[in-house]
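The values are calculated or read from the model by the stated rules, or taken from the named source; none is laboratory data. All figures in this text were calculated on a predicted structure; none of them were measured in a lab. Because the Cβ atoms are built from the backbone with ideal geometry, glycine has one as well, and the counts that use them run over all protein chains shown. Only protein heavy atoms, including side chains, enter the accessible area calculation; ligands, DNA and RNA are left aside. Shrake-Rupley method; radii C 1.70, N 1.55, O 1.52, S 1.80 Å.
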Amino acid sequence: MSHGGGTAGELIRHATGSEVGHAYLYLGNGLIVQGQPPQAATAPADSHADAIWAHGMWDWLRDDQHWSASQVASSQAAVVARGRALIGCSYDFEAYAAFTLMVLHLRTADQLAPQFRRDAWRVCSALVADAEWTGKVPLEFVPSDGPGLIAHPDRKVIMPPNLVTPGMLLGISLRLGWT
């Protein structure tokens, strides 16, 4: 995750109240994949000088969730394979309309979920969430993770990938000690 540059990053940070406006997935060998217009593409891992890496996620899965070394390795392989499979997928401009509806409290994530469960396009954070869910990483968000976007203060919520924001990924990473 990073501050994110340009107008899109600024809009995301402002709308979600988060310090981050961009998310990407490390693929290994010094490369990341990131959702960006017009389609997801690779970039050097050092292309974001202000990167916040969630490197502790794998230790958390092993130590706190009691995953075996083979479960962690299998999950890592699945996450990276899915990240590579998403290279070239179209950018999801429609997700910004959904974020706007949620921020303005005109629609909830639950109301938008049916449309976005069918949506194969990806914004940056959706690409990361999609790959991590493919690897069975439990991304269960609480209200403090999602800068006001989650309407269920009494329970953890699993969001459709395209309704996950960079701020939510930062929130869960900070809460669970991944950063």
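In table form, for the structure just shown:
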item: Residue that is most open to solvent (accessible area, probe 1.4 Å), among those in the stretch 129-142 that are at pLDDT 95 or above and closer than 19 Å to Gly21 by Cα; result: Glu132
item: Enumeration of residues in the stretch 47-60 that are at pLDDT 95 or above and not in a loop (DSSP other than H, G, I, E, B); result: Met57, Trp58, Asp59, Trp60
item: Residues of the stretch 92-107 satisfying the condition of being open to solvent by 20 Å² or more (accessible area, probe 1.4 Å), farther than 16 Å from Gly35 by Cβ and in contact with a Leu (Cβ under 9 Å, 6 or more places away or on another chain); result: Thr100, Leu101, Val103, Arg107
item: Counted residues, the stretch 115-128 - those being out of contact with any Asp or Glu (no Cβ under 6 Å at 6 or more places or on another chain) and open to solvent by less than 60 Å² (accessible area, probe 1.4 Å); result: 7
item: Filter result for Ser70 (in contact (Cβ under 8 Å) with a residue 60 or more places away in the chain, part of a helix (DSSP H, G or I) and over 20 Å from Glu19 (Cα atoms)); result: no
